[in-house]
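Working notes, beginning with the structure itself.
The values are calculated or read from the model by the stated rules, or taken from the named source; none is laboratory data. Small disclaimer: the values here were computed from a predicted structure and weren't measured. Cβ coordinates were reconstructed from backbone atoms using ideal geometry, including for glycine residues, and neighbour counts include every protein chain displayed. Just the protein is used for accessible areas: all its heavy atoms, side chains included, with ligands, DNA and RNA removed. Shrake-Rupley method; radii C 1.70, N 1.55, O 1.52, S 1.80 Å.
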Amino acid sequence: MAEPARAIEPTLRRRFALDEGPRSRQGVSIAILPPAARFSLRLPIGAGAAAREIAGFRLGAPINRYEAAGDRWSARLGPNEWLIGGPESDGELIATEVEAALGGASHALTDVSHRNVGIEISGVAAAAVLNAGCPLDLSTKAFPGGSATRTVLAKAEIVLVRAETEPVFRVECWRSFAPYVHAFLIEGSRDFPALARDDRASKIDA
């Protein structure tokens, strides 16, 4: 008599693209952001301005602007393209709410939660570190709080966000580029002095 089939336990589990702690030098800190829900939303030209808000996401902002409402945020990257996000645990809820709000209207909503990795660069030297590989003027006059845009960091395409006027930037990049982007930022920070040993919880090795 044949033995009953056993349930096969999965051997592959999704892993973090980067398992790195925060790295700090004088004037700059580099940290991997926790996982989040992210969606690429495409609407017909003009539909975003007409809708203004969909499922708690503000869509009517000018191109290259970032807006947050509670724990949800949206970055308008083009005339008909938005990157929207929120807590990782709300991924299915966000998708359901957006689809319900749009009803039968023409749109494309793509879950990119696991495609992207977020990296935060903060501190008075944050812009200088980014400018080691990013050609944009990141001064508060040219790239003020509430800015978001597609750009490059060295050889990688990224989305760069500055939510507030403080020198805190968010880099969104593809998982496959994340180790390269992270290593490039660390290398760019080496121009700045290491923290005194008694002042650093973690460090970037010289």
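The set of residues in the stretch 78-89 that are under 13 Å from the mean Cα position of the chain (by Cα) and either of a type in the set (A, V, I, L, M, F, W, C) or in a helix (DSSP H, G or I) (or both) comprises 82, 83, 84, 88.
Note on the stretch 90-206: enclosed strands (runs of 3 or more DSSP E) holding 3 or more residues that are of a type in the set (A, V, I, L, M) and open to solvent by less than 20 Å² (accessible area, probe 1.4 Å) are 116-122, 156-162. Number of residues in the stretch 100-149 that are among the aliphatic types (A, V, I, L, M) and without any contact (Cβ under 8 Å) to a residue 40 or more places away in the chain: the value is 3.
Evaluating residue 98 against the criteria (1) modelled with pLDDT of 95 or more; (2) touching a Phe, Trp or Tyr at 6+ places or on another chain (Cβ under 9 Å); (3) not small (Gly, Ala, Ser) leaves one unmet condition, (1).
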